[in-house]
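The values are calculated or read from the model by the stated rules, or taken from the named source; none is laboratory data. Since the structure is predicted, the reported quantities are computational estimates derived from the model, not experimental observations. When we count neighbours, we look across all protein chains shown, and the Cβ atoms used for this are built from the backbone with ideal geometry, even at glycine. These accessible areas exclude ligands, DNA and RNA; they are computed on the full protein's heavy atoms, side chains included. Shrake-Rupley method; radii C 1.70, N 1.55, O 1.52, S 1.80 Å.
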Amino acid sequence: MLKEGPYNPIESEKAMLNFWLDNKFYKPEFDPSVDKVKTTEEMKSDIREAWALICPPPNAYARPHIGNISGYAYQDAMARYARMQGKKVLVMPGKDHAGLEGEGVFVREVLEKQGRNKFEMKREDFYKEMMEFFLKNIDIAAKDEREIGLSADFDRDTFTLDPNIVETVLNTFVEMYKDGRIYKGVRIVNWDPKARTAVADNQCLREERDGKIYYIKYLVKDDSTNNQEPATRNYVTVATTRPETMFGDTAVAVNPKDPRYTDLVGKTVIIPLINIEIPIITNPKVLTDFGTGVLKITPAHAQDDYQIMQEWNAANPDKKIGYRNVVSQELKLVGTVPTKFKGRKYKEALPEIIEDLKTIGQFDHEEIIKQNILITERTKAVVEPLMSSQWYLKYDGLKEAAIEMVKEGSVQIHPDNMVQKFNHWMDNLRDWAISRSLWWGYRLPVWYGGKVTEEINEEGQVTEYIEIDGNKEVLDYSNPDHLKVQKENPTQSENSKLKTQNWYQDENVLDTWFSSGQWVYATLTKYDLMDTFFPTTVLVSASDILENWDSRMMMFTYFKDKKEPFKNLFLTGIVLGKDGQKMSKSKGNVLDVDQIRNEYGSDALRMAYFYQNSAGGSYVISPDKLKNFKQFNNKLWNAAKFVLQDFDTTTYNPQPTTLKLDLSKQIIEHITSVKEKVTKNIDNYEFGYATETLYDEFWHKFCDELIELSKKHTNSVRNKETNEIISEPNIDEKNEMKNVLIYTIKEYTKMLHPFIPFITETIWQEMPKREGDFRSLMYTKW
RNA sequence: GGGCGCUUAGCUCAGCUGGUUAGAGCAUCUCGUUUACACCGAGGGGGUCGGGGGUUCGAAUCCCUCAGCGCCCACCA
């Protein structure tokens, strides 16, 4: 019997969760036709169609809020629907170590609060403590997954730093290196001086700040040797916010269409204070209406300048310009700077540099401007662009393959307007810097035959040196005595020469996305399930990681298996707070998971994730909505109670066919058309429509109209004043009506199950069953 | 600057390829109901569908344009 009174989600959800977990319904090995858990081998060979979804592993360093866990509702709805269609369903959960972000949280939330500092610790101790911190948080995250109803195979929950995963990821690195796809090179990087690491472009934020822009005169050198007209002026003025980097200028650039400067192109100017001669080049990106229209090019310390240098060099191979790095990782002036400034922090030296410029009469003036500063997402430190040697990955061939997957439809993106976003990103991909100077993550499987140092020489060139047996030489990436890419420490090998040499492992770890990008096949490989569940059916990810994660997974998987990792890519929208802004802790518009579940129940929360929402679209979750769905659940509860009440089970007719009452026929038509519609909606990944249809039809058509009409066939009529029974219902009519209502409400619980699993399962337990109905709604035939 | 999207009732949103008087939930007001459910039902008020222009027999829906908002990308030194 269903309990009297309003629906109690806390009680029901706990009971149903235990029912599912105790019976291991969540595992693909569970087969409802024999009602037991098979062995993995038996499962692999059984005839049910395979259906797989690998969960995006959440960052396991903090308690998630209701926005963070919205994806689970979608993953779960798809999985439950697939089970009800008789498929063997694998939903594999995981947890992410979150590289840079994870280390940042640990340093801030744990170490700094205890007054400790990472750099006073040994790498191994740091790693061990962080692992403990993560393992604790993993348990919390796993609990939330269960309680929101995610029907995942929790026995196969996997951490990204699991030894098996590490093995796969490092193998890929070695393979890609051998393939010539991974290389080491000196490039401009976004240097985070606080974290002492390079960070990716998309881990930086722009912030508007007041700054100064300085106008500095560069003398034009009259070059009479190359038969050109003499310059019409003896200096040009450049505008810059970073005067200290002028020592690293290797050119100044003007727009080729700028009539003010056409006479100067091809001539040279002299950098003040150090008297280095640099050419005047052209680039169409130089703005004519900003500053003076003359841009100083400092390829070592500005991303844009680096880009301009590359474009110029590609177009003018005989007149290449280089770079000179004049700011070190410690933010000190180095290389081709005046001797008096060498080794000093550039910020301290700046006023003196300005003074010196004034003294020689080459300082024009300064202005206050609004400027966009690049800061890192994690440490909020101002990014210092500089040259450093990094490991890179070439996307050549992989990106074309991924674009093709989407184009020819082996990967279908939902909603399809995201395809444009995807293509735009892919078309603009450049080589990816994959190394990070962190301790938390996968240390590079790279070994050096001696101590390696990175130095900036007198000319500002960044070079790596290696010291073997007291001899220091330039590090040669192709020399096997200098560098080896392999998982094992070379001293472990049989080769006696290698054994005696001192080998040093590269200090860097891989960028998180390098491992996340391999998540699908790495996890399936770990559990030896590639043969059955690869490629997976669908990936459900938040729309903001389409570029970072989803696209990389397609490229890595293509590299490894020449196949797509998933056949469908469903992008969920972002959950907004009541203020219409993205829900996030820093904005203070977060709703707490426990509080919401206690007040409204997981089902109500899940319904709010689906109702009227479309793929990729953001949506607000507010107490108003949650209250509404709690009431909906109660409506369902009461309707089920009413239908079951006073029902003679001996008259149960599982599939009412020969119907006498017009109302019966009307109700059967109603539920048939609703089912048709909802099935179509779900097949099209339109969960917003599916839940809207169910909500409307169930409440306002079935309950408000049809059940009310049915009462004249099922209820006795009483005298209003005396409450005496005037007439009893016709028993045949009543039985037919009851059976029709029970049939209908069973159909509704089935259709609602993917969205609100707890309450529907609770009701299902009390429903009379027919053949084909399973004891759990999870495996009842759709 | 480029790309994508949004703007419909006080609030949150539907309205799918143009076709009757533009819909729902919440909120509000009126009435009813205690033999499933006050976490209920019936009904009402409330909209010149962001502004302007165009195509059409017909536009919230298609096109152009302007304005505002959001997200992503980006080269204002």
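Evaluate the stretch A:618-635: report whether one residue or more is within 12 Å of RNA strand B (Cβ to nearest atom), farther than 30 Å from A:MET583 by Cβ, assigned to a helix (DSSP H, G or I) and without any contact (Cβ under 8 Å) to a residue 40 or more places away in the chain.
No, that holds for no residue.
Within the stretch A:708-722, is even one residue more than 9 Å from RNA strand B (Cβ to nearest atom), among the aliphatic types (A, V, I, L, M) and without any contact (Cβ under 8 Å) to a residue 60 or more places away in the chain?
Checked the stretch A:708-722: at least one residue is more than 9 Å from RNA strand B (Cβ to nearest atom), among the aliphatic types (A, V, I, L, M) and without any contact (Cβ under 8 Å) to a residue 60 or more places away in the chain.
Is at least one residue of the stretch A:246-255 at pLDDT below 85, open to solvent by 50 Å² or more (accessible area, probe 1.4 Å), in a loop (DSSP other than H, G, I, E, B) and within 15 Å of RNA strand B (Cβ to nearest atom)?
no
When A:LEU659 is evaluated against the numbered criteria (1) assigned to a helix (DSSP H, G or I); (2) open to solvent by 20 Å² or more (accessible area, probe 1.4 Å), which criterion, by number, is the only one it fails?
(1)
Among all residue pairs at least 6 apart or on different chains, which show Cβ distances below 8 Å where the first residue, located in the stretch A:156-176, is closer than 30 Å to A:GLU29 by Cα and among the β-branched types (Val, Ile, Thr) and the second is in a strand (DSSP E or B) and open to solvent by 20 Å² or more (accessible area, probe 1.4 Å)?
Matching pairs, first to second residue: A:ILE165/A:PHE159.
Please work out if A:SER614 is at pLDDT below 85, out of contact with any helix residue (DSSP H, G or I) (no Cβ under 8 Å at 6 or more places or on another chain) and not aliphatic (A, V, I, L, M).
no
Which ranges mark the strands (runs of 3 or more DSSP E) fully within the stretch A:387-502 that have 1 or more residues being open to solvent by less than 30 Å² (accessible area, probe 1.4 Å) and aliphatic (A, V, I, L, M)?
Filter on the stretch A:387-502 gives A:412-414, A:446-448, A:462-468, A:483-485.
When the residues of the stretch A:636-651 are filtered to those that are open to solvent by 40 Å² or more (accessible area, probe 1.4 Å) and either more than 46 Å from the chain's Cα centre (by Cα) or β-branched (Val, Ile, Thr) (or both), which remaining residue is nearest to RNA strand B (Cβ to nearest atom)?
If we take residues in the stretch A:636-651 being open to solvent by 40 Å² or more (accessible area, probe 1.4 Å) and either more than 46 Å from the chain's Cα centre (by Cα) or β-branched (Val, Ile, Thr) (or both), then A:GLN645 is nearest to RNA strand B (Cβ to nearest atom).
Out of the residues in the stretch A:503-531 meeting the condition of being open to solvent by less than 30 Å² (accessible area, probe 1.4 Å) and among the β-branched types (Val, Ile, Thr), tell me which one is farthest from the chain's Cα centre (by Cα).
Applying the filter and picking the extreme gives A:VAL509.
Taking the stretch A:167-182 as the region of interest, how many residues are in a helix (DSSP H, G or I) and surrounded by fewer than 18 Cβ atoms within 10 Å (Cβ to Cβ)?
Residues flagged as in a helix (DSSP H, G or I) and surrounded by fewer than 18 Cβ atoms within 10 Å (Cβ to Cβ) within the stretch A:167-182 amount to 5.
Here are some residues: A:ILE763, A:ILE668. Which one is farther than 19 Å from A:GLN85 by Cβ, surrounded by 20 or more Cβ atoms within 10 Å (Cβ to Cβ), away from RNA strand B (no atom under 11 Å from the Cβ) and in contact (Cβ under 8 Å) with a residue 24 or more places away in the chain? Lay out the reasoning, then the answer.
On the way: A:ILE668 fails: surrounded by 20 or more Cβ atoms within 10 Å (Cβ to Cβ).
The unique qualifying residue is A:ILE763.
Whether any residue in the stretch A:682-690 is more than 9 Å from RNA strand B (Cβ to nearest atom), in a loop (DSSP other than H, G, I, E, B), open to solvent by 50 Å² or more (accessible area, probe 1.4 Å) and among the acidic types (Asp, Glu) is what I want to check.
No, the stretch A:682-690 has no match at all.
With respect to A:ARG324, is the statement that it is of a type in the set (Lys, Arg), at pLDDT 85 or above and touching a helix residue (DSSP H, G or I) at 6+ places or on another chain (Cβ under 6 Å) true?
yes
Of the numbered conditions (1) without any contact (Cβ under 8 Å) to a residue 60 or more places away in the chain; (2) surrounded by fewer than 16 Cβ atoms within 10 Å (Cβ to Cβ); (3) touching a strand residue (DSSP E or B) at 6+ places or on another chain (Cβ under 9 Å), A:GLN612 fails exactly one; give the number of that condition.
In the conditions (1) without any contact (Cβ under 8 Å) to a residue 60 or more places away in the chain; (2) surrounded by fewer than 16 Cβ atoms within 10 Å (Cβ to Cβ); (3) touching a strand residue (DSSP E or B) at 6+ places or on another chain (Cβ under 9 Å), A:GLN612 misses (1) alone.
Where residues in the stretch A:711-740 are polar (S, T, N, Q), touching a Ser or Thr at 6+ places or on another chain (Cβ under 9 Å) and in a helix (DSSP H, G or I), which of them is modelled with the highest pLDDT?
So the residue we want is A:ASN739.
Of (1) more than 24 Å from A:GLU366 (Cβ to Cβ); (2) touching a helix residue (DSSP H, G or I) at 6+ places or on another chain (Cβ under 6 Å); (3) more than 14 Å from RNA strand B (Cβ to nearest atom), A:GLU277 satisfies all except one. Which?
The number of the failed condition is (2).
Taking the stretch A:731-743, which residues are surrounded by 13 or more Cβ atoms within 10 Å (Cβ to Cβ) and more than 11 Å from RNA strand B (Cβ to nearest atom)?
Once the filter is applied, which keeps residues that are surrounded by 13 or more Cβ atoms within 10 Å (Cβ to Cβ) and more than 11 Å from RNA strand B (Cβ to nearest atom), the stretch A:731-743 yields A:GLU733, A:LYS734, A:ASN735, A:GLU736, A:MET737, A:LYS738, A:ASN739, A:VAL740, A:ILE742, A:TYR743.
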